[in-house]
Amino acid sequence: MEMDAYSDEVGPTAGRPLNLRQIEVFRAIMMSGSISGAGRMLHVSQPAVSRVLALTESRLGYRLFDRVKSRLSPTAEARRLYAEVEQVYGGIQRVNDLAASLAQSGAGMLKIVASASFGQRLIPRALERLRSRNADARVDFRSVTFDELAAYFLSGQADIGISMQPPDHPNLTSLRLAQVPVVCALPPAHPLAARAVVRPEDFSTAAWIGYPQDTPLARALQPFFGGQAACPAAIEVHSPVTACAFVQQGLGPALVDAWCVTPEQAGHMALRPIEPPASVDIWATHSNLSAPPLLARRFLAAVKKTLEAEGPGVATPGAAAPGVATP
C-alpha cells in the first residue's frame, strides 16, 4: 500500500492560524454538509466557498473533507476542530445575548439614592415611566440625607442620585434638572388655612415646623425669612417628608417643596403659596470616574420627562388668582 494514501501535501503555509472568515466557512460546510449549502447559509457563491476552503486546508496542512461521490465527508481532524469551533460560537452567542439584554435593561441593578423628599412622588413616577419600557429593570432605591450622598457614590453603592443640592466633590458631576416651588402645608383647621397666601410675618407667633440651619431646605428659605425667622420653629425635622407627617397630625404649618406632597397627602392638608416665593432645585448626580450605566441614563431621562409632564408639583388650592388682592 502506498504511503501517499495516508498523507496530505503539507505546503509552505501549513500551521498558519486561521482567520474568522475561514472558521465561519468551515463551520457552515460542517453544518450544511456541502459547498452549495454553505454558500446559501453565508449568502456567497459556491466558488467563493471552495476558494476559502482550499486556503484553509493549505494553511492547516491537512484535509478537512474527503470528496466522496461529489459529497464532502469530514475527516477526523475536521470533527475534532468542529467541536472547538462550536464552543467558540456558543461564547459568541452568549455575548450577543448579553448585548441584547443590556440594551433592554442595562447592566445589573440600577442603584438610586435620593433625598427623602423626592422618594415620595418624583422617584416612583419616574420609575413607573422607566419600567413601562424596561419591564425587567431591577432597582435598589435608598433614601439618604444630603450629608450621606457623596459617600454612596464613592463606595460604589450609587449609580445616580437626586437631591436638592449638588454634593461638592471633585469625583462627582451634577446637573440641575428643575426648580420646585416651596409651599406652606397646614392642618385644614389651622387659622392660616383661611389665607390665600402665607407670608413671613405669619410665622412670628404661630408654632411651626422648621429645619436645622445646615439643611438644604433651611438654606432655601433664608430669602423668604430675610435671613432668619422672627420666631424659631417649635419643632425641627430633617426632612420635608417628616414635616408633612407632622402637619397631618395637627402639629402646625410647615414649608415644604411641592414635590414631596403626594396627592393623597394633599387631600388631608391645606396647601398655600408663599410670598415672597421660595424654591428649591432638583439636581442629578453621578460619578465622573466612569460613564453612568445605560439604565441610569434611561432613568435620568424618565425623571426629566416626569418633571416636564407633571410640572412643579401639586396644586395649591386657595391660591389667589392673578390680579386678586390677598389679605
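The values are calculated or read from the model by the stated rules, or taken from the named source; none is laboratory data. Everything numeric here is computed off the predicted structure, so don't read it as measured data. Virtual Cβ from ideal backbone geometry, glycine too; neighbours counted across all protein chains shown. Only protein heavy atoms, including side chains, enter the accessible area calculation; ligands, DNA and RNA are left aside. Shrake-Rupley method; radii C 1.70, N 1.55, O 1.52, S 1.80 Å.
Quick check on my filter: what residues within region 24-46 are among the polar types (S, T, N, Q) and buried (at least 17 other Cβ atoms within 10 Å of the Cβ)?
SER32
In region 247-268, the residues that are free of Cβ contacts under 8 Å to residues at least 60 places away in the same chain form Cβ pairs under 6 Å with partners that are assigned to a loop (DSSP other than H, G, I, E, B) and β-branched (Val, Ile, Thr), at six or more places apart or across chains, as follows: ALA266/VAL314.
Summed over region 105-120, residues that are at pLDDT below 75 and buried (at least 16 other Cβ atoms within 10 Å of the Cβ) total 2. Annotation: of all residues in region 121-150 being assigned to a loop (DSSP other than H, G, I, E, B) and under 19 Å from ARG297 (Cβ atoms), the one that is most open to solvent (accessible area, probe 1.4 Å) is ARG133.
Residues checked against (1) farther than 27 Å from SER174 by Cα; (2) open to solvent by 50 Å² or more (accessible area, probe 1.4 Å); (3) modelled with pLDDT of 95 or more; (4) acidic (Asp, Glu):
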residue: ALA234; (1), (2), (3), (4): yes, yes, no, no
residue: VAL241; (1), (2), (3), (4): no, no, no, no
residue: GLY252; (1), (2), (3), (4): yes, no, no, no
residue: MET269; (1), (2), (3), (4): yes, no, no, no
residue: SER279; (1), (2), (3), (4): no, no, no, no
residue: PRO292; (1), (2), (3), (4): no, no, no, no
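For LEU102, are the conditions met, namely being modelled with pLDDT under 90, surrounded by 14 or more Cβ atoms within 10 Å (Cβ to Cβ) and under 30 Å from LEU130 (Cα atoms)? Yes: the conditions hold for LEU102.
Cβ contacts < 6 Å: first residue of a type outside the set (Ser, Thr, Tyr), restricted to region 113-127; second residue in a strand (DSSP E or B), any location; separation 6+ or different chain. Result? These pairs meet every condition: VAL113/ARG142; VAL113/GLY161; ALA114/ILE162; ALA116/SER143; PHE118/ILE162; GLY119/SER143; ILE123/ALA114. In this structure, is PRO216 in contact with a strand residue (DSSP E or B) (Cβ under 7 Å, 6 or more places away or on another chain), under 25 Å from PRO124 (Cβ atoms) and open to solvent by less than 40 Å² (accessible area, probe 1.4 Å)? Taking the combined requirement at face value, the residue satisfies it. From PRO187, PRO212, grab the single residue that is touching a His at 6+ places or on another chain (Cβ under 7 Å) and either farther than 27 Å from LYS305 by Cα or aromatic (Phe, Trp, Tyr) (or both). None of the others qualify; the one that does is PRO212.
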